[in-house]
């Protein structure tokens, strides 16, 4: 069986394609494309005449056997509309089945919105979680965001422009006013990278005015800083106030300990001196 090439293509700027990707697209027998019309623009620009066949979300299972049959006659390149196939684009099922049948799968790396947005965000890059396209329904989005609310790693997701403001509002409500990078139209003419807090992003973008593909990079959860311990004078003053209100020393000590950073027994000892 001939190899299946997984070829990354530009997410916007055509100059981002690699020499290896161009050579592969010229030499393979067939290109399986998410959108043959979109791929035709790329091939025409670089004078590549390789035949194409469609392989997209709604025919990927029906087309699976056909592409695997084509691999018996020659090598095939899989491309998406832009970026690396298999990452929120069709490709996973084909790659999995090719591997199961012993077909060599050769990745041709290149452009991808995910690492591009991450490294430009100014947020930590040492560990991150890719959430894919966020669910369209608010309830499903809320469940996914809540599931990842306590993850300290940087979160990356894709969102449609008309849902951006609703999603940002849900993030602020469920995860807090974290730092975020809203990356729009990456590598394209109207590229924009907004960096700030979620509340600042909600102010920056207006309803109905957001256009283009959106990649969100969101700060992971951080442990709140421990408050500065109270000094003894503050402890005594707070205890006097609570005791004057009629609280028992034990209950007053419990409340003050929870707020002050002191051990309850230490606070109670001070309370017995008042």
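The values are calculated or read from the model by the stated rules, or taken from the named source; none is laboratory data. It should be emphasised that the depicted structure is a prediction, and the values quoted were computed from it without experimental measurement. Quick reminder, even Gly has a Cβ in these numbers, built from the backbone with ideal geometry, and neighbours come from all protein chains shown.
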Kindly indicate whether residue 238 is touching a helix residue (DSSP H, G or I) at 6+ places or on another chain (Cβ under 9 Å), at pLDDT 95 or above and surrounded by 16 or more Cβ atoms within 10 Å (Cβ to Cβ).
no
Across (1) within 16 Å of residue 39 (Cβ to Cβ); (2) without any contact (Cβ under 8 Å) to a residue 24 or more places away in the chain, residue 69 clears everything bar (1)
Restricting to the range 42-63, give me the number of residues that are surrounded by 11 or more Cβ atoms within 10 Å (Cβ to Cβ) and either part of a helix (DSSP H, G or I) or outside the structural domain of residue 97 (by TED's automatic domain parsing) (or both).
3
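Going through the range 177-201 one residue at a time, which ones are part of a strand (DSSP E or B), buried (at least 19 other Cβ atoms within 10 Å of the Cβ) and without any contact (Cβ under 8 Å) to a residue 60 or more places away in the chain? Talk me through it step by step, then tell me what you get.
So the first thing to find is which residues in the range 177-201 are part of a strand (DSSP E or B), and the list is 179-184, 192-197.
With buried (at least 19 other Cβ atoms within 10 Å of the Cβ) added as a condition, the list becomes 179-184.
Those that are part of a strand (DSSP E or B), buried (at least 19 other Cβ atoms within 10 Å of the Cβ) and without any contact (Cβ under 8 Å) to a residue 60 or more places away in the chain: 179, 180, 182, 184.
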Can you name the residue in the range 149-159 that is at pLDDT 95 or above and more than 18 Å from residue 126 (Cα to Cα) and is also surrounded by the fewest Cβ atoms within 10 Å (Cβ to Cβ) among such residues?
158
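For the range 83-94: of the residues being in contact (Cβ under 8 Å) with a residue 24 or more places away in the chain and out of contact with any strand residue (DSSP E or B) (no Cβ under 6 Å at 6 or more places or on another chain), which is surrounded by the fewest Cβ atoms within 10 Å (Cβ to Cβ)?
Start the filter on the range 83-94 by keeping residues that are in contact (Cβ under 8 Å) with a residue 24 or more places away in the chain, which leaves 83-91, 93-94.
Now drop any that are not out of contact with any strand residue (DSSP E or B) (no Cβ under 6 Å at 6 or more places or on another chain), which leaves 83-84, 86-87, 89-90, 93-94.
Details: 83: 23, 84: 25, 86: 17, 87: 16, 89: 17, 90: 23, 93: 14, 94: 26.
Ranking the candidates gives 93 first.
Pick out the one residue from 78, 118, 123 that is buried (at least 20 other Cβ atoms within 10 Å of the Cβ), under 14 Å from the mean Cα position of the chain (by Cα) and not in a loop (DSSP other than H, G, I, E, B). Can you show your working first?
Numbers: 78 fails: under 14 Å from the mean Cα position of the chain (by Cα); 123 fails: not in a loop (DSSP other than H, G, I, E, B).
Residue meeting the stated conditions: 118.
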